């Protein structure tokens, strides 16, 4: 019988020997690889933490302790050992299990995590709540995969160290970003500093030195601390965590189950803030993912044997990546900026061919935007390529540092609208709303490949203020007939002349609205179809002309209906007393679950069939 089939809850791990746990680790990796080959997913991060997951859930009591996973795409192994094994094949599919921790899904998912670097702040809140109630369970934050570099993580570390509360922080160092010293010496020293005898001696010595007069006490304690740090510095270049108030343990080999289990068992009963440094290999156990961890960080369906991705045409991201390289080769002032998502935002080719014009700042969207603002003010042309959902994290910087100074930063907003299988933490349904209220911002959305290229060229040439281009995930439509050229800012185009109703469609919804026309004509409904490629500024001249010919405006956008393009049209019509009704079609005022993008668009009423149905009802 397979070992995995014997695990229905974390407590079952305590019944297994080390050899059985190692067998279980192999079975889990096989399950993750073969499931994600069909569903897609975050393969490499989850493969890297299998042993770490098993050790944590064996040593700690997951039924009462709180284990918080940062950047929740590391939790596939956790899902398999917490009662979701039989549903794992539904990973990231509609009505299936989520690719991220989800409190509604399992009691073992203690905090919803999709964006990075939040686990330490969450742990602080859980610690304060626990102590306020007089409880004594453990709280463990597992952070890594680039998350520790974000500002919020250091804010939380600083606070946790100050509080001196009982908490455990586990750093999953899968890029060897801090140290590579994993060997016999470090293992021996880790065993030493986690023993009861060592820690009792350390605390007793500190108390003993405290009895002396202030001058001698302070000098003695300082000397003792420097000796300790120098001793640990031989194998652990992470003294910074000690300075922040943490007891540092590690680095540990993240794939040695016996070492992990032994160390966690030792530190479990220690007091105060503890920082455990674990070194893992991203993609461990699947050679293709080990060799290409960036590709397999988050990937669509793929072939297990070859590792080849099952692609469907050129993506919007791919179009951006090709065109921005072409533009940057002609204009050396163009600077490509991404926040830890070089491959995901299509800037890999830019990084390889124009390294002096490229900056990946890690998972620090706030820093990326303010840095871009300063570059723009110095005459450069910064292009911030960031997912819509992640750009939300830099909202203050967008307003305060970019818009307030009217800095000509270009925002290439990828994954706008519904992204599909990654679900509500990664959908981008709010960017039109949160960008539209910021003064000085130009907001655009291309309907197809050619218009995307034209808008990029327009944005580069526009040096009077910030310029945003938003585009969805998936294959890029290519029905445009005109050769790419710069577009006058704030102008729309009429794609089809009609009567009574004017459909004002934005970006990805232009294609859906166009596909709805044949259905409507069968019912003798023949609307005007407008490509509203600029959301701000609106094409006011066209709106006034159309208001003289039609009775109803129907706006269609892949953005929440609250504060988006439809709201802008309604505001304009109200302000100018235009004699037309306005009906808005967009995403609902709720968080949309995960599933295929096509399925979610249909549920939200944003397919050609649904648009046609809404128009027929308006008639």
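The values are calculated or read from the model by the stated rules, or taken from the named source; none is laboratory data. Note that the coordinates shown come from a computational prediction; the quantities given were computed from them, not determined experimentally. Reconstructed Cβ throughout: ideal geometry from the backbone, glycine too, with neighbour counts over all protein chains shown.
Applying the criterion of at least 3 residues that are touching a residue at least 60 places away in the same chain (Cβ under 8 Å) to the strands (runs of 3 or more DSSP E) found wholly in region 508-576 leaves 534-536, 550-560. The set of residues from region 576-613 being touching a strand residue (DSSP E or B) at 6+ places or on another chain (Cβ under 7 Å), surrounded by fewer than 16 Cβ atoms within 10 Å (Cβ to Cβ) and over 22 Å from residue 517 (Cβ atoms) comprises just one member, 589. Is one or more of the residues making up region 94-110 at pLDDT 90 or above, within 22 Å of residue 4 (Cα to Cα), buried (at least 22 other Cβ atoms within 10 Å of the Cβ) and more than 22 Å from the chain's Cα centre (by Cα)? No, every residue in region 94-110 fails to be at pLDDT 90 or above, within 22 Å of residue 4 (Cα to Cα), buried (at least 22 other Cβ atoms within 10 Å of the Cβ) and more than 22 Å from the chain's Cα centre (by Cα). Taking the conditions (1) at pLDDT below 95; (2) surrounded by 23 or more Cβ atoms within 10 Å (Cβ to Cβ); (3) touching a strand residue (DSSP E or B) at 6+ places or on another chain (Cβ under 6 Å) in turn, residue 156 satisfies each one other than (3). Do you know which residues across region 349-372 are closer than 22 Å to residue 461 by Cβ and surrounded by 24 or more Cβ atoms within 10 Å (Cβ to Cβ)? If the condition is that a residue be closer than 22 Å to residue 461 by Cβ and surrounded by 24 or more Cβ atoms within 10 Å (Cβ to Cβ), then 350, 369, 372 are the ones that fit. Out of 199, 174, 136, one residue alone is modelled with pLDDT of 75 or more and surrounded by fewer than 21 Cβ atoms within 10 Å (Cβ to Cβ). It is 136.
For residue 30, the requirement of being in the same structural domain as residue 96 (by TED's automatic domain parsing), without any contact (Cβ under 8 Å) to a residue 24 or more places away in the chain and surrounded by fewer than 24 Cβ atoms within 10 Å (Cβ to Cβ) is met.
Here 557, 493, 512, 540 are screened, and the one residue that is within 27 Å of residue 437 (Cβ to Cβ) and surrounded by 23 or more Cβ atoms within 10 Å (Cβ to Cβ) is 557. Here residue 72 qualifies as in the same structural domain as residue 40 (by TED's automatic domain parsing), buried (at least 24 other Cβ atoms within 10 Å of the Cβ), under 17 Å from residue 39 (Cβ atoms) and out of contact with any helix residue (DSSP H, G or I) (no Cβ under 8 Å at 6 or more places or on another chain). Please pick out the residue among 540, 512, 609, 571 that is under 29 Å from residue 413 (Cα atoms) and within 31 Å of the chain's Cα centre (by Cα). Result of the check over 540, 512, 609, 571: 512.
Can you list the strands (runs of 3 or more DSSP E) found entirely within region 402-478 that contain at least 2 residues being surrounded by fewer than 24 Cβ atoms within 10 Å (Cβ to Cβ) and free of Cβ contacts under 8 Å to residues at least 40 places away in the same chain?
Output list is empty.
Checking region 482-500 against the condition returns no match, with no residue being touching a residue at least 12 places away in the same chain (Cβ under 8 Å) and part of a helix (DSSP H, G or I).
Going by the structure shown, is residue 302 crowded, with 22+ Cβ neighbours inside 10 Å and more than 28 Å from residue 461 (Cβ to Cβ)? When the stated conditions are applied, residue 302 passes them.
Each row is one residue, and each column tells you yes or no for (1) over 20 Å from the mean Cα position of the chain (by Cα); (2) on the phi > 0 side of the Ramachandran plot; (3) not assigned by TED's automatic domain parsing to the domain that holds residue 146.
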position	(1), (2), (3)
356	yes, no, yes
359	no, no, yes
363	no, no, yes
386	no, no, yes
394	no, no, yes
415	no, yes, yes
426	no, no, yes
434	no, no, yes
437	yes, no, yes
